[in-house]
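Some notes on the structure that comes next.
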Amino acid sequence: MNPMKKTLSLLLVSAMSFGVFAGCTGGDPSPSPSGNPGADPSVAPSGDGFHMNLCIASQPQTIDPALNTAVDGGIMTQHMFEGLLKWADSGKEANGSEGTVNMAELVPGQAEKWEKTLNEDGTVTYTFTLRDDIKWWDGQPVTANDFVYSWQRLANPETAADYCYMIDMVKGYDEVQSSDPVDVSKLAVSAPDDKTFVVTLKNDNAYFLEVCAFPATLPVRQDTIEANGDQWTFKPETYLSNGAYKMTQWENNAKIVMEKNPEYYDYDKLGPQTITFSLMDNDNAMLTAYNANDLQFIQSVPVDELPALIASGEMKIVDYIGTYYVCYNVEKAPFDDWRVRKAFTLAMDSQYIVENVTQAGQVPATGFVPSGINDAEGAAGDFRTTGGDYWEAPTNEEIYKKNLEEANRLLDEAGYTDRSTFPTVTYLYNTADGHKAVGEALQRMWSDGLGVNIKLENQEWAAFLETRKNGDYQVARNGWIADYNDPISFLDMWYTDGGNNDAQYSNKDFDAAIDAAKAATDPAERMAALHKAEDIIIGQDWALGPIYFYTQKFMLKDDIQGVYYTPLGYFFFNNATKG
């Protein structure tokens, strides 16, 4: 047989819609346009345009695109770097935003076009043609070799990138992971010339183009990383980026300042002269600064202020594809017993939490994958609707009472009929009034409903992420936002030894289901494998305790226009204007 080889031209003249919205090398740096290549990049120049000041989080754990795992770091890096594709303003109002922000859509970024080729052996090749006018902020051209280096660096186990698996669909990824010594050349990425970047996938992949816009796949400069090691992100002069903005200042635990990148190909379309990300974790301070016009955008406010701000319309609520949950350390007693984990999950009154604590339209969770995730390629079905509920949401007192009875029976069965023998449990959360309020509610529910002792402990954001990643906790607050519109974004992270597997979870049957999903070419077969994976981790092992499905809240000053947003959690301020 001589199977037919198909070539699909995907030259994008218009923007691509994202399905969720229906539901370097050497060389001297060239001078900047100012003609002053020796200017101190940490000093923001004067110029036209306004200065945007906002707060989305406290100190980020990292702003290395490959190493970042948090939404706040993702927002920052996507203002300073640009991938093969990027998120752009669709011009369509975001649901619930009342005209304040628009929806984002995927469009060409550093790549102006690409071709997708279905090969005889079942592999798929993407050939990206880069724009002619793309540069790093020091004036050096961005080349296809920059993408080769960056993707190889992401896949390299020595980089220790938690998100390395984001490109596990690329042919040769498994060989890179298992090679000794590490051989990144096995990854099927290449640069036939400076303007052509070629990627070969193991098989067709429904979300690959979204991965090409994901923060971990953003290009980084080989020379600055090799010269400065893991310190390259801390100084503006070594933090070489290719996006709309460049960093000019990072004041620890205070602010990160960015200014327009004069080498950016769409420089004339940029809005703010500078964007300052204030680094704060005190909700009262954030709201005070916002009311004093020191901040123009915030996401967190004191819990007791929230109802009035929503009622007045000052606080907007938009769609957000994510799950807020508790993470059990399944390797440490008493949470190494599935019965204990299930008991703690059933004892959480999620209805009370969303109605009386969070109060921003969240939906009680009865599974891990949230609503809004497609069930099959191009299908109208919803993965959560198809998968059903793993327990009954406590929408009334009678249901919660029944859940508590089952929870206490499970603790008895696990050997804790005398609750005094149950060890004191510490619940860990990152410092923020909202997380503290949820923690206090859980403390009461577990103490009153199960008769166990609960302590609360909080840590600053970066330290909290490190503690949770290392497994130095018993129960910790957690949240996961979709990286792309596919259920695997919520499931493959729990693969044995996965970089984001904070629960330290391992089950060979779960791993096999994820492997089957990634190997499947039939959409129905693939979704069946993913439903099986969720059945194992939630319905069988109860490794996680989902509480609610997110909504996104924010406050934006009335005189700011041009901000856009994706339900993956990213806000973009690069086109913002003030009027």
If we ask which residues in the range 215-243 are farther than 17 Å from residue 145 by Cβ, open to solvent by 10 Å² or more (accessible area, probe 1.4 Å) and assigned to a loop (DSSP other than H, G, I, E, B), their number turns out to be 5
Those residues that are closer than 14 Å to residue 220 by Cα and of a type in the set (A, V, I, L, M, F, W, C), I need them from the range 230-246; list them, please. 232, 240
For the range 382-407, pairs from a residue that is within 18 Å of residue 535 (Cβ to Cβ) to a residue that is of a type in the set (S, T, N, Q) and part of a helix (DSSP H, G or I), with Cβ under 9 Å and 6 or more apart or across chains, are 390/345; 391/345; 391/403; 392/403
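So which residues in the range 199-209 are farther than 21 Å from residue 145 by Cα and either of a type in the set (A, V, I, L, M) or open to solvent by 20 Å² or more (accessible area, probe 1.4 Å) (or both), if there are any at all? Give the derivation first.
Here is the first cut: in the range 199-209, the ones farther than 21 Å from residue 145 by Cα are 202-207.
202, 203, 204, 205, 206 - these are the residues of the range 199-209 that are farther than 21 Å from residue 145 by Cα and either of a type in the set (A, V, I, L, M) or open to solvent by 20 Å² or more (accessible area, probe 1.4 Å) (or both).
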Considering only the range 244-256, state which residues are open to solvent by 10 Å² or more (accessible area, probe 1.4 Å) and either assigned to a strand (DSSP E or B) or in contact with a Ser or Thr (Cβ under 8 Å, 6 or more places away or on another chain) (or both). 246, 249, 250, 251, 253, 254, 255
Among 406, 413, 392, which is the only one that is over 23 Å from residue 351 (Cα atoms) and in contact with a helix residue (DSSP H, G or I) (Cβ under 7 Å, 6 or more places away or on another chain)? 413
How about the range 261-289: which of its residues are surrounded by 16 or more Cβ atoms within 10 Å (Cβ to Cβ) and β-branched (Val, Ile, Thr)? 274, 275, 276
So the helices (runs of 4 or more DSSP H) completely within the range 351-454 holding 2 or more residues that are touching a strand residue (DSSP E or B) at 6+ places or on another chain (Cβ under 6 Å) and modelled with pLDDT of 95 or more are 433-450
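Just checking, how many residues over the range 514-525 are assigned to a helix (DSSP H, G or I) and farther than 24 Å from residue 322 by Cβ?
Number of matching residues: 5.
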Is there a residue being aliphatic (A, V, I, L, M) and touching a Cys at 6+ places or on another chain (Cβ under 8 Å) anywhere in the range 255-264? no
Cβ pairs under 9 Å, 6+ apart, first in the range 453-464 and closer than 18 Å to residue 64 by Cα, second part of a helix (DSSP H, G or I) and among the acidic types (Asp, Glu): 461/72
Please enumerate the residues belonging to the range 527-579 that are in a strand (DSSP E or B), of a type outside the set (A, V, I, L, M, F, W, C) and within 30 Å of residue 51 (Cβ to Cβ). 552, 553, 561, 564, 565, 577, 578
So if I check each of 529, 516, 476, which one is open to solvent by 20 Å² or more (accessible area, probe 1.4 Å) and touching a helix residue (DSSP H, G or I) at 6+ places or on another chain (Cβ under 9 Å)? 516
Just for strands (runs of 3 or more DSSP E) wholly inside the range 257-330: which have at least 3 residues that are touching a Gly at 6+ places or on another chain (Cβ under 7 Å) and under 30 Å from residue 368 (Cβ atoms)? 316-318, 322-328
Give the residues of the range 479-513 that are open to solvent by less than 20 Å² (accessible area, probe 1.4 Å), assigned to a loop (DSSP other than H, G, I, E, B) and charged (D, E, K, R), sorted by residue number. 483, 486, 502
Just to be sure, is residue 347 buried (at least 18 other Cβ atoms within 10 Å of the Cβ) and either touching a strand residue (DSSP E or B) at 6+ places or on another chain (Cβ under 8 Å) or more than 23 Å from residue 567 (Cα to Cα) (or both)? yes
So residue 292 fits all but one of (1) open to solvent by 30 Å² or more (accessible area, probe 1.4 Å); (2) modelled with pLDDT under 95; (3) among the hydrophobic types (A, V, I, L, M, F, W, C); what number is the exception? (2)
Can you find a residue in the range 9-18 that is touching a Pro at 6+ places or on another chain (Cβ under 8 Å) and at pLDDT below 95? yes
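The values are calculated or read from the model by the stated rules, or taken from the named source; none is laboratory data. Bear in mind that the values here come from a model prediction, so they are computed numbers and not experimental data. Cβ sites come from the backbone with ideal geometry, for glycine too, and all protein chains shown count toward neighbours. SASA here: full protein model, heavy atoms, side chains in, ligands and nucleic acids out. Shrake-Rupley method; radii C 1.70, N 1.55, O 1.52, S 1.80 Å.
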